[in-house]
1. How about the stretch 289-332: which GluC sites (Glu not before Pro) there lie in a loop by DSSP and see at most 13 other Cβ atoms within 10 Å?
2. What list of ³J(HN,Hα) couplings, whole Hz, do you get for the stretch 63-75 from phi and the Karplus terms 6.51, -1.76, 1.60, once you set θ to phi - 60° and write x for glycine and proline?
3. According to the square roots a ≥ b ≥ c of the eigenvalues of the Cα gyration tensor, what is the shape class of the stretch 181-323, taking rounded for a/c under 1.5, prolate for a/b larger than b/c otherwise, and oblate for the remainder?
4. Charges only on Cβ, +1 for Lys and Arg, -1 for Asp and Glu: so what's the dipole of the chain about the Cα centre, in debye to the nearest 20?
5. In the stretch 236-293, which trypsin sites (Lys or Arg not before Pro) fall in coil by DSSP and have 10 or fewer other Cβ atoms within 10 Å?
6. Based on alpha-carbon centroids, what's the gap between the stretch 30-66 and the stretch 263-299 in Å, whole number please?
7. For residue 148, what is the net charge nearby, where nearby means another residue's Cβ is under 11 Å from its Cβ and Lys, Arg count +1, Asp, Glu -1?
8. In the chain, if the dipole is taken from +1 on Lys/Arg beta carbons and -1 on Asp/Glu beta carbons about the Cα centre, which of 100, 224, 273 is farthest to the positive end?
Amino acid sequence: MTRVAVMGTGSWGTAFASILADAGCTVRMWARRQEVADQINSGRNLDYLPDLDLPPVVTATTDPASACEGSDIVVIAVPSQTLRPNLAAWGGAIPRDSAVVSLLKGVELGTTKRMSEVIAEVGGVDPHRIVVVSGPNLAKEIAARQPAGSVVACVDPQTAELVALACATPSFRPYTDTDVVGTELCGATKNVVALAVGMAEGLGFGDNTKATIITRGLAETTRLGLALGADPRTFLGLAGVGDLIATCMSPLSRNHSFGVRLGSGMAVQDVVATTKQTAEGVKSCESILLLAQHHGVEVPIVEQVVAVVRDGMPASDVAGKLMSRDLKAEKH
């Protein structure tokens, strides 16, 4: 039986733990707080997925070494901007021969590194052991065992297959890939596009506007991905357009909901104060913009989201600024 550690007890980490359990794995979760570990050990995670019944094979501890000990796979499910300090604290507990799975969707502030790059650097993990899981995987729907697919990407196909087998269930279908760069970039950038779509909805705009933002957001993501050496086919798959549609259109998406509040006139700090969970696009938009600038790639939607989130520009100004840009061919 495959032994898996899940480092983090948020919505997606908990939902993924349930997938692993359904696939026949034993799962040991690491929680920062004892009360959360106690809840999970009693079969629930009341803070994040209160309606999900966790099976007895899913347990929790506040001791990272205990969680990781003897694990064949270590799944990292902490907020992306906390990855570096978390790895500095407990990265040494990760077994040297385990596969390390990133559920994180972000680009690190300050360094513009992708999450797999941070795992390799701080955790000392060989890239051939690092796996990225990304796709249209809204946690509440996964927890309800609604059918979904995802991409399991690793530069080593055998490691990708190992993880895919560990999470394949009748309701969760993983597809393996070797394009780690494209898979990670799609997962990070779609959150920023979802903020823009949410703002449009909050401003009262309809489906034409939202479809335009989604499509041009995909174009931006693809341009940046190609500059970084990604496979262009990735952007048309589950990790690309699939995740983009789910995140931009669903009220279950934290980034979409955050954008709706911004569009309705709330300030960033007020939205943060009223929501408990992390909207990764708010944290990563600035680093994605910087990454694009480093590679000479135009990302106007990301740029406007940064102007709202970081600089305090009213969300109502975004449409005018995007619509007044110089005309050009669509495939530019």
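Since every read-out is calculated from the coordinates, none of them should be taken as a lab result. Computed from a predicted structure; not experimentally measured. Here the Cβ positions follow ideal geometry from the backbone for every residue, glycine too, while neighbour counts run over all protein chains shown.
1. Hits after loop and neighbour filter: 330.
2. 9, x, 5, 5, 5, 7, 4, x, 7, 7, 9, 10, 9
3. prolate
4. Using Cβ point charges on Lys, Arg, Asp and Glu, the chain gives about 340 debye.
5. 276
6. If you average the Cα positions of each part, the centres end up 30 Å apart.
7. My count for the surroundings of residue 148 gives 0.
8. The listed residue farthest towards the positive side: 273.
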